[in-house]
1. Can you tell me the accessible area per residue over region 79-172, all protein chains present, probe 1.4 angstrom, in square angstrom?
2. Taking the convex hull of the alpha carbon atoms in region 22-90, what volume per residue do you get, in Å³?
3. Could you pull the accessible area for ASP147 with a 1.4 Å probe, rounded to 10 Å²?
4. Quick check on region 77-160: take the gyration tensor over C-alpha atoms, sort the square-rooted eigenvalues as a ≥ b ≥ c, and tell me if it's rounded (a/c under 1.5), prolate or oblate.
5. Rounded to the nearest percent, how much of the accessible area of region 101-199 (1.4 Å probe, protein heavy atoms only) is carbon and sulfur?
6. In terms of the Cα gyration tensor, with a ≥ b ≥ c the square roots of its eigenvalues, is region 19-152 rounded because a/c is under 1.5, prolate because a/b exceeds b/c, or oblate?
7. Under a 1.4 angstrom probe, counting protein chains only, how are ARG158, ARG184 ranked by accessible area, largest first?
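The values are calculated or read from the model by the stated rules, or taken from the named source; none is laboratory data. The shown structure was predicted, so the numbers you read here are calculated from the model rather than taken from an experiment. When the accessible area is computed, the model is the full protein with side chains, heavy atoms only, and any ligands, DNA or RNA have been set aside. Shrake-Rupley method; radii C 1.70, N 1.55, O 1.52, S 1.80 Å.
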Amino acid sequence: MAASEIPETAVPAPAPDGLTRLAGELRALAPSCGPVRLVAVDGHAGSGKTTFAARLAGALGGAPVVHLDDLATHAEPFGWPGPLHAQVLEPLAAGRDAGYRVYDWTLRRFAGTAAVPVAPVVLVEGVGAGRRELRPWLARLIWMELDADSARRRGEERDGPALAEFWEGWARAESAHFAADPSRPHAGTTVDGVTGRISPGTVGEPSTSP
């Protein structure tokens, strides 16, 4: 379902000073997509990406957030790189405000749009946000540290039995994606999906492979 329809995952808030430090660090990075520092928040479904991205956006003074659930579809859950590139990355790289079509998971079609204004930092959150097609555009990749089984249990508890069949199919697709294209080895920052703690040992490390 669209990110706006998904209840927030219960992840404890990071310490305010940790978020403030991370926000300051992200602002100080070199731009990676035109004038924008594009920052990805990746992790397993149910790991707390949307919640953390919202908190980080607040610490950044209201940074725009691109929700990849809004670009994914039932037919192609990981088929969003093309639309993301055309609708978001290219305009931002040219210094122009962007916007993308939003998929409605109930109507099973695209309905509505979301604006992505040019800003010092723009966040992209969703499963696979650190995939290889996107990494060259990133200033930093943040990984939500929670194993797949725990994240799935949390997501199933959040969504209830009505979406049990969806989770079964999603788990297979997600497992295949990360087996072929793991994001975690390229993360410059990790966040504990249980405690919300930002690991200080990762802050400041490069986010992408050479």
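1. 48
2. Each residue corresponds to 98 Å³ of Cα convex hull volume.
3. Looks like 80 Å² after rounding.
4. Because a/c hits 1.5 or more and a/b fails to exceed b/c, region 77-160 counts as oblate.
5. Summing carbon and sulfur atoms, their accessible area is 54 percent of the total for region 101-199.
6. The shape class here is oblate.
7. Result of the area sort, largest leading: ARG184, ARG158.
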